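Below is one structure, written out as structure tokens, with a few remarks after it.
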């Protein structure tokens, strides 16, 4: 069994001049992703990935407009290695 976690920290920022929200403050955020993988034979394995575990709604950044980061995303796979 393999387990991993990814912790992404995006620091506070301020939008640039020329954007619709010029000078607006974008707060910092921490997003956690998890992965579990189990290899049950030398060739077969299953994997589960969960991105944005806490389903945080956050601003990913701003240019002319501001954009939200991705919501929680869950992926499962079964793979065979030749």
Check: Cα centroid distance between region 55-74 and region 32-51, in Å?
Finding: 26 Å
Next item on the list: Mark the label point 7 Å from the Cα of residue 40 along Cα→Cβ and return the residues of region 62-82 whose backbone N is within less than 13 Å of it.
Entry: 77-80
Check: Fewest to most neighbouring Cβ within 10 Å: what's the order for 40, 82, 45?
Finding: 82, 40, 45
Notebook entry, point to check: Cα extents of the chain along the three principal axes, largest first, in whole Å?
Noted result: 56, 20, 17
Notebook entry, point to check: For the residue pair residue 25 and residue 6, what label-to-label distance in nm results when each label sits 7 Å from Cα along the Cα-to-beta-carbon direction?
Noted result: 3.0 nm
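Coordinate-derived values only; no laboratory data. Predicted model, so just to flag it, every value in this text is computed and none were measured. Neighbour counts run over all protein chains shown; Cβ positions are idealised from the backbone, glycine included.
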